[in-house]
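Undergrad: The structure's right below; bear with me while I get my questions together.
Please treat every number below as a calculation from the coordinates, not as lab data. Bear in mind that the values here come from a model prediction, so they are computed numbers and not experimental data. When we count neighbours, we look across all protein chains shown, and the Cβ atoms used for this are built from the backbone with ideal geometry, even at glycine.
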Amino acid sequence: MKKIKIICNPNSGRQAVQKNIPGLVEILEENNYHIDVYTTKMQLDAMYVASRACKDKYDIIVAVGGDGTVNEVVNGVMPNKTRPKLAVYPAGTVNDFANYLKVPRTMKEFAEIIIKEKTTKIDVGLGGDRYFLNVAAAGLLTDVAYRVSSEAKTVLGKFAYYLGGLRELPRQMFKPIKITLKIGDVEEKREILFFLVANTPSVGGFKYVAPEADISDGKFDLLIVEKSQFIDVASIFFMALTGNHTSHPNLQYIQVDAFSVYCDDNIYVDLDGEQGGKLPMDFKVKKDAIDLIVPD
């Protein structure tokens, strides 16, 4: 009998999906799976439980929560040589990764994709000593995710992030950061507003931020916004709604498998919506790192 560990964050998003977990368990048990459910109680709980599930030889880990919960699970799984298959159920505010995969929202449909166990090998990013599944970023607006209160996320959903962003723009707009960017043997000093590296096209609720991104190509999609005036940044954000921003003269868009960013300022790095340390930081792709259960 195959074993499944369900790791559920009760504080994710609108906080209602937890009521449907028993229905998911019932369907999976009827299909001859042994199910254990763990409800997280504090930060990093999901990481520790996922790591334990690897050592206890679970066949599948199901992460029920937002992008931050999935990030913790990935950080628990990656240090292990034997890694269970991973399934992701979107229960957060934005759910970039699950939305990109078109994961069904009803528990019955979600249970069906687990039972089919169709998988694809996916890349995982490493920023410093912490893994990320979808995005790493630093600079303008990248701290909005953890400035927005959990109460606002619950009531307003994705709109809470946009409100937070609007509040932050006037404070941050004219504060470029000075970095040294190293790709391969090439180093160059830059003045930028922010950089962002994506594993899927969907970032921050925008579907086309990195339109060429692929979760299994062994590459990051790196976007760098140069020091700009407000009108230029506003134009980039507007064009990003349709994926036409990559041709903007103030934005560089390249694909890389590793790079480093050095900075003397006190700049935090966002990894999947969570604080992941400060610059300087090395970034690299771990290709085909996890078997992800995906819809047909």
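Undergrad: Can you sort I254, I122, I27 from fewest to most other Cβ atoms within 10 Å of each residue's own Cβ?
TA: Listed from fewest to most nearby Cβ atoms, that is I254, I27, I122.
Undergrad: Amide H to amide H under 5 Å from Y89: which residues, 5+ apart in sequence or cross-chain, H placed 1.01 Å off N in plane?
TA: Those qualifying (amide H under 5 Å, at least 5 residues apart or on another chain) are A63, V64, G65.
Undergrad: Here's something else I'd like to know. Can you compute 3J(HN,Hα) from phi for each residue in segment 258-270, using the Karplus curve 6.51 cos²θ - 1.76 cosθ + 1.60 with θ = phi - 60°, rounded to whole Hz and x for Gly and Pro?
TA: Here the 3J(HN,Hα) series is 6, 6, 10, 10, 10, 7, 8, 7, 8, 10, 7, 10, 8 Hz.
Undergrad: Take each of the peptides 129-139, 1-11, average the number of other beta-carbon atoms within 10 Å over its residues, and list them starting from the highest.
TA: 129-139, 1-11
Undergrad: Let me ask something else. So for the pair D265, N31, with labels modelled 7 Å out along Cα→Cβ, what separation do we get in nm?
TA: So the label points at D265 and N31 sit 4.9 nm apart.
Undergrad: Something else: What distance in nm separates the simple spin-label points at T119 and M42, each placed 7 Å from Cα in the Cβ direction?
TA: Spacing of the two 7 Å Cα→Cβ label points: 3.2 nm.
Undergrad: Related question: Could you pull out every one of the aspartates and glutamates with an alpha carbon less than 15 Å from that of K102, ignoring same-chain neighbours closer than 8 positions?
TA: D67, E112, D214, D296
Undergrad: Hey, any idea what the orientation-averaged projected area of the convex hull of segment 2-117's Cα atoms comes to, in nm²?
TA: Hull-based average projected area comes out at 6.3 nm².
Undergrad: Evaluate the relative contact order of segment 2-117 (contact order divided by residue number), counting alpha-carbon pairs under 8 angstrom at least 6 apart; express in whole percent.
TA: 31 percent
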